[in-house]
1. Determine if segment 3-14 includes at least one residue that is polar (S, T, N, Q), farther than 26 Å from ARG124 by Cβ and either in contact with a Cys (Cβ under 9 Å, 6 or more places away or on another chain) or at pLDDT below 90 (or both).
2. Six or more apart or on different chains, Cβ under 9 Å: which pairs go from a residue in segment 50-66 that's farther than 13 Å from GLY94 by Cβ and open to solvent by less than 50 Å² (accessible area, probe 1.4 Å) to one that's assigned to a loop (DSSP other than H, G, I, E, B) and among the polar types (S, T, N, Q)? Could you list them?
3. Are any of the residues in segment 16-25 under 30 Å from GLY100 (Cα atoms) and part of a helix (DSSP H, G or I)?
4. Read through the list (1) aromatic (Phe, Trp, Tyr); (2) more than 30 Å from ALA22 (Cβ to Cβ); (3) buried (at least 19 other Cβ atoms within 10 Å of the Cβ), then give the number of the only condition that TYR103 fails.
5. Restricting to segment 1-30, name every residue that is under 30 Å from PRO58 (Cα atoms) and out of contact with any helix residue (DSSP H, G or I) (no Cβ under 8 Å at 6 or more places or on another chain).
6. Consider segment 1-28. How many of its residues are more than 40 Å from the chain's Cα centre (by Cα) and open to solvent by less than 100 Å² (accessible area, probe 1.4 Å)?
7. When the residues of segment 80-93 are filtered to those that are outside any strand (DSSP E or B) and open to solvent by 50 Å² or more (accessible area, probe 1.4 Å), which remaining residue is farthest from ILE46 (Cα to Cα)?
Amino acid sequence: MGTTVIQARAKIKLDAKKVMAAAKRGNITSLGHAAGAIRLAARHSIKKSPKKSPAGTPPNTRKGRLRGAIKYAVSKSPPSAVIGPDAANAGTSGKAHEFGGKYKRERYDRRPFMLPALENVKPRLPKCWENSIRTTH
């Protein structure tokens with residue numbers, strides 16, 4: 001039996017501008033998915049209850065206002081995301097819960113919900129960027 005040798009040639013044309021544009025689009029989209037996942041985890045950690053949650057655990061909400069106030073926004077330049085309670089809807093109560101402090105003349109124990117949401121989602125974040133760069137031939 002003889003050995004068969006096959007030779008092939010290929011030309012690859014790299015359009016760096018297209019690749020960079022696709023990478024930027026993919027990054028912004030992926031950043032939005034990641035921010036949405038963190039927001040969802042934070043919202044799910046806040047339960048509806050008339051009773052206070054124990055210190056050190058995510059806060060409870062009586063009417064759902066804090067849970068509904070958690071929003072996210074993505075900026076293209078520089079690529080970044082902001083996730084947290086919208087002060088227009090929940091005032092600064094989110095800050096008082098997350099870090100402890102005063103809100104409406106009442107002292108709040110630390111009941112973090114945003115940092116635990118990030119920690120909860122962190123192992124899944126690389127998956128948000130998987131296959132994020134797409135170009136057409």
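1. yes
2. As it stands, the answer is ASN60/SER49; ASN60/SER53, since those pairs meet every condition given.
3. So far as segment 16-25 goes, no, none of its residues is under 30 Å from GLY100 (Cα atoms) and part of a helix (DSSP H, G or I).
4. So TYR103 meets the others, but not (3).
5. ILE28, THR29
6. 3
7. ALA88
Residue-by-condition table, conditions (1) open to solvent by less than 80 Å² (accessible area, probe 1.4 Å); (2) among the hydrophobic types (A, V, I, L, M, F, W, C); (3) under 26 Å from PRO126 (Cα atoms):
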site: SER30; (1), (2), (3): yes, no, yes
site: ALA73; (1), (2), (3): yes, yes, yes
site: PRO78; (1), (2), (3): no, no, yes
site: LYS95; (1), (2), (3): no, no, no
site: TYR108; (1), (2), (3): yes, no, no
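The values are calculated or read from the model by the stated rules, or taken from the named source; none is laboratory data. All values derive from a computational prediction rather than experimental measurement. FYI the Cβ positions are ideal-geometry reconstructions off the backbone, even for glycines, and counts take in every protein chain you see. Note: areas computed on protein heavy atoms with side chains; ligands, DNA, RNA excluded. Shrake-Rupley method; radii C 1.70, N 1.55, O 1.52, S 1.80 Å.
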